[in-house]
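The values are calculated or read from the model by the stated rules, or taken from the named source; none is laboratory data. Since we're looking at a predicted model, the values are computed, not measured. Here the Cβ positions follow ideal geometry from the backbone for every residue, glycine too, while neighbour counts run over all protein chains shown.
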Amino acid sequence: MGKFQQLKAVTCCLALCLSNMAFAGGPAGIRFEEISAKAGVRVQHHSRTFHGKNAEVLHMFTSGGAAVAVGDYDNDGFEDIFATDSDAGKPNHLFHNNGNMTFTDVAVKAGVAGGNDPLSVVSDALWFDYDNDGKLDLLVARFGTPLLYHNEGNGKFKDVSATSGLNKFGNTIAVIAFDYDNDGYLDLLFGNYFKPVNLLDLKDPRVLPNDLDNATNGGGVTLWRNTGKGSFEEVTDKAGLGKVTGWALDVGHGDFNNDGLQDIYIACDYGTDHVFINKGDGTFREATEKATGWDTKKGMNVDVADYDNDGWLDIYVTNITDEYMKECNMLWHNNGDGTFTDVSKETGTCETGWGWAAKFADLDNDGWQDLFVVNGLRSAGPESYVPLILPVITTPGLDITNVNNWPDIGNRTWSGYQKKKLYRNLSNGTFKDVSAEAGVDNDLDGRGIGVGDFDNDGRLDLVQTNADQPLLLYHNITEIRGNWIELKLSGTKSNRDAIGARVRVEAGGITQIREVDGGNGYAGQSTRRLHFGLGSATKIERLQIRWPSGATEIVTVPINHVTYIEEGRGVVTK
Amino acid sequence: MNRKPYSHFLVVLFLMGVLFSAVRASDSDYQEAVKALGAKDYATALRYLESAVGGDPDNVRYASDYRQAVIRSKDFDRSLQFFEKLVSAHPDSANVHLNFGFAYVDKIPVAGSITQVILANNALKEFTKAVELKESWIAYYTRGMSYLFWPKVFGRAAFGVADLKKAMEIQKSGPRRPYHVKTYIGLGDGYWKMDDSEKARSIWQEGLKEFPDNANLKARLTQQGDQLKATIEAGFDPSKRVDTDLRDLWANSNN
């Protein structure tokens, strides 16, 4: 071997080693820079202020409404951000992406700042195109009745709540859109925390959970079918979801059994979660007992992804794991036979404190989805609230549903100052905590996560909302990363947002699946674009789309680009 | 002839007879239960064991075996209901309260996280009654360890240490039993939980002098930092079943 060949061989070997080091989370691992202030999105969230004897307790129990929704509402090719506030009179924020990683709050001008009126609390938000006109409309969920804003296409929105049919009061904390009956129109599933009583006009103080492990007096869920005529009708009972009476904190959807229909996972606080399988006739079958079994944990989040690239969607649920409560999260590995196995301990994703949102995303484009989890209930003074709760829990005969029986929290901390967790997928069925190296281990009281590629550079960025604290924007600055594709799908026969569409990508020796989701994850809707990391692969062997209508398409797309695909037409220009 | 003492004697004799026959009946029930357990016929075994414990409520062995059978049958609520009735019938029996407390502990691993707290608190109340009724090694050791299970935020480790010191005093005043090593481990762990590592080590070292082959003490004395923390905390994991089988008490004792 000549010197040149030797040098070439050594160089190749070195390059491969460096590449492997990078993909193994070595020195050139995932990195983020927090840029909320310079991007113009560092706004403070405020939980609702209550008045009277039980004010502090209700404030604490309703502190979950710091939400974010990511979506390109003006179709300019850049993802925008909607962020909620919750205190009376406080405006929501619509951050228009200026295309240079700065944003301008246009909520007031667009007509979507309102919602926190004296008797309603804004709690979540969702972009979805309910009338299939190609423009994202906005739903603002509330402890109250929801607000539906129609996107007028000129930077302004029109409040169409009054004619939407969405007129039922609920203490909604989560909402997702998906086409459960595959009629081409997006339906809405609401997760409701408290039972439907107005906490701001409380007649009866007995509104808290009747059991802290098996509560049955929550708000359950409500399913609203899109009539296709600009309105919705409630079909909860008809669809078979009326028996859920738990304290729903999050709802998620995905095709869990690979039959082309969207199934549901409901995460409930103070008791069991639920799995419902779509029967394809407009109804769902409860499959909890067989799928996951009944649990007593404090379910907070539902995110759905195929973390191990085995072709089956898995589910991640956060619970509470702290010094005084050891629940462990649940990473439900889909066994492909209608059952799931919790592998959170085995995968290293079990302990994330008082968990809230969690999102899967391939943050280093290596073809394996990583996991970001936010946590923390209330960071305040040095004393803990936990010992004060003990008598409430253990006094025989004490009515724990009565808000007046709970002690005031004052300036006490409750599961506060918790470090956020970023787990890198090691591609071997385990994850590694890289939070500190990645620069995301803040200790704010996290609630929601929105994932999106705000500068279209192929690296997914993160928005983190926090209760009574400022919003954070983490710009992905990972230096050595893999190739990627981002696909924005548009349905024609299927719903226009293509929610529920599944894409299967074969590249670099692995097969990945993603589904367009309609708001999975607590208090956070991520980009509707499907992002795939490809590692060192420079071409895609096969890319197949299964549309919600049932049609399938094979398309060819360029790597390291955002590509627009329309049902039946393949790749189209933006 | 004064007939009163004679009649008293008859009454005492009668009561002794009743007691003896109850104990004999209990023993016979216990033997039937052992047979049923061998056949994994838990329904029959539990019935006989309840009869045995009911006839001889102070018998630690019967009650302990009953609870172990309940653990195998997973019918924890039945056990709690049984002991609840038993304590109301025998409110002055320390052993009944002790076993009632253990029955709560036995249910903890299968309960939800908040129910675990309620069960642990109920257990502690029963252990306290047992201590108040009869000061003994088992009563102090049990309540002391029960305190140590509570997370630090509740500040109960000091109570645990106080109880375990009493248990230590009691064990040092009598013949040495193999199970006494548990007090050294528990007391050391208690000091460790109170952030007094030095005192913890001295207790473990003292224990190792008495029980030089004990692996748990050796592990604590050879480990540091996170490894030691993991070893100690593994013993206080509410999701893991606590060994509440009291057979050591009669297997290693002349009493």
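Residues A:Gly338, A:Gly252, A:Gly348, A:Gly260: which one is away from chain B (no Cβ under 14 Å), of a type outside the set (S, T, N, Q), touching a helix residue (DSSP H, G or I) at 6+ places or on another chain (Cβ under 8 Å) and closer than 26 Å to A:Thr511 by Cβ?
Result of the check over A:Gly338, A:Gly252, A:Gly348, A:Gly260: A:Gly338.
For the range A:143-180: of the residues being under 20 Å from the mean Cα position of the chain (by Cα) and assigned to a loop (DSSP other than H, G, I, E, B), which is nearest to A:Lys195 (Cα to Cα)?
By that ranking, first place goes to A:Pro146.
Being more than 14 Å from every other protein chain (Cβ to nearest Cβ), in a loop (DSSP other than H, G, I, E, B) and surrounded by 22 or more Cβ atoms within 10 Å (Cβ to Cβ) is the filter here, so list the residues in the range A:208-249 that pass it.
Listed by number, the residues that qualify are A:Gly219, A:Gly220, A:Leu241, A:Val244.
If the requirement is being closer than 30 Å to A:Arg412 by Cα and touching a residue at least 12 places away in the same chain (Cβ under 8 Å), which of these qualifies: A:Asp76, A:Asp137, A:Asp105, A:Asp117?
A:Asp117
Within the range A:455-469, can one find any residue that is over 14 Å from the mean Cα position of the chain (by Cα) and among the hydroxyl-bearing types (Ser, Thr, Tyr)?
no
Can you tell me which residue within the range A:146-160, out of those that are touching a strand residue (DSSP E or B) at 6+ places or on another chain (Cβ under 9 Å), of a type in the set (D, E, K, R) and more than 13 Å from A:Tyr130 (Cβ to Cβ), is surrounded by the fewest Cβ atoms within 10 Å (Cβ to Cβ)?
The qualifying residue surrounded by the fewest Cβ atoms within 10 Å (Cβ to Cβ) is A:Glu152.
Hey, can you tell me all the residues within the range A:321-374 that are of a type in the set (Val, Ile, Thr) and buried (at least 24 other Cβ atoms within 10 Å of the Cβ)?
Within the range A:321-374, A:Thr349, A:Thr352, A:Val373, A:Val374 meet the criteria.
In the range B:198-226, what residues are of a type outside the set (D, E, K, R) and over 21 Å from B:Ala167 (Cα atoms)?
B:Ala215, B:Ala219, B:Leu221, B:Thr222, B:Gln223, B:Gln224, B:Gly225, listed by residue number.
(1) away from chain B (no Cβ under 14 Å); (2) in contact (Cβ under 8 Å) with a residue 24 or more places away in the chain; (3) outside any strand (DSSP E or B): which one isn't true of A:Ala267, the others all being true?
(3)
Mind counting the residues in the range A:38-56 that are more than 21 Å from A:Phe454 (Cβ to Cβ), under 26 Å from the mean Cα position of the chain (by Cα) and surrounded by 21 or more Cβ atoms within 10 Å (Cβ to Cβ)?
2
Results for (1) among the basic types (Lys, Arg); (2) under 14 Å from A:Ser415 (Cβ atoms), shown as yes or no for each residue.
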residue: A:Asp322; (1), (2): no, yes
residue: A:Asn335; (1), (2): no, no
residue: A:Lys359; (1), (2): yes, no
residue: A:Asp362; (1), (2): no, no
residue: A:Gly367; (1), (2): no, no
residue: A:Leu371; (1), (2): no, no
residue: A:Val374; (1), (2): no, yes
residue: A:Pro396; (1), (2): no, no
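Do you know which residues across the range B:171-219 are touching a residue at least 12 places away in the same chain (Cβ under 8 Å), in a helix (DSSP H, G or I), farther than 25 Å from B:Gly155 by Cβ and not aromatic (Phe, Trp, Tyr)?
B:Gln171, B:Pro178, B:His180, B:Val181, B:Gln205, B:Glu206, B:Gly207, B:Leu208, B:Glu210, B:Asn216, B:Leu217, B:Ala219
Being within 14 Å of another protein chain (Cβ to nearest Cβ), touching a Ser or Thr at 6+ places or on another chain (Cβ under 9 Å) and closer than 17 Å to A:Leu189 by Cα narrows it down to one residue among A:Asp322, A:Asp273, A:Asp295; which is it?
A:Asp273
Being within 21 Å of A:Gly29 (Cβ to Cβ) and surrounded by fewer than 24 Cβ atoms within 10 Å (Cβ to Cβ) narrows it down to one residue among A:Thr492, A:Thr478; which is it?
A:Thr478
Within the range B:236-255, how many residues are more than 14 Å from chain A (Cβ to nearest Cβ) and either without any contact (Cβ under 8 Å) to a residue 12 or more places away in the chain or not in a helix (DSSP H, G or I) (or both)?
Matching residues across the range B:236-255 total 11.
Looking at (1) buried (at least 24 other Cβ atoms within 10 Å of the Cβ); (2) under 22 Å from A:Gly134 (Cβ atoms), which is the only condition A:Ile173 fails?
Condition (2) is where A:Ile173 drops out.
Filter the range A:292-327 down to the residues that are in contact with a strand residue (DSSP E or B) (Cβ under 7 Å, 6 or more places away or on another chain) and among the hydrophobic types (A, V, I, L, M, F, W, C) and list them by number.
A:Met300, A:Val302, A:Val304, A:Ala305, A:Trp312, A:Leu313, A:Ile315, A:Val317, A:Ile320 - these are the residues of the range A:292-327 that are in contact with a strand residue (DSSP E or B) (Cβ under 7 Å, 6 or more places away or on another chain) and among the hydrophobic types (A, V, I, L, M, F, W, C).
List the residue pairs whose Cβ atoms are under 6 Å apart, where the first residue sits in the range A:552-574 and is over 20 Å from A:Gly260 (Cβ atoms), the second is at pLDDT below 95 and part of a loop (DSSP other than H, G, I, E, B), and the two are 6 or more positions apart or on different chains.
A:Tyr564/A:Lys574
Among B:Gln171, B:Gln205, which is the only one that is farther than 29 Å from A:Tyr324 by Cβ, in contact with a Ser or Thr (Cβ under 7 Å, 6 or more places away or on another chain) and of a type in the set (S, T, N, Q)?
It is B:Gln171.
Can you tell me which condition B:Ala157 does not meet? The list is (1) within 27 Å of B:Ala251 (Cα to Cα); (2) within 14 Å of another protein chain (Cβ to nearest Cβ); (3) not β-branched (Val, Ile, Thr), and all the others hold.
(1)
Residues of the range A:390-425 being free of Cβ contacts under 8 Å to residues at least 40 places away in the same chain, surrounded by fewer than 17 Cβ atoms within 10 Å (Cβ to Cβ) and farther than 27 Å from A:Val374 by Cα, which ones?
Once the filter is applied, which keeps residues that are free of Cβ contacts under 8 Å to residues at least 40 places away in the same chain, surrounded by fewer than 17 Cβ atoms within 10 Å (Cβ to Cβ) and farther than 27 Å from A:Val374 by Cα, the range A:390-425 yields A:Pro391, A:Val392, A:Thr395, A:Pro396, A:Gly397, A:Leu398.
Can A:Asp117 be described as over 20 Å from the mean Cα position of the chain (by Cα), under 25 Å from A:Ile173 (Cβ atoms) and of a type in the set (Asp, Glu)?
Yes: the conditions hold for A:Asp117.
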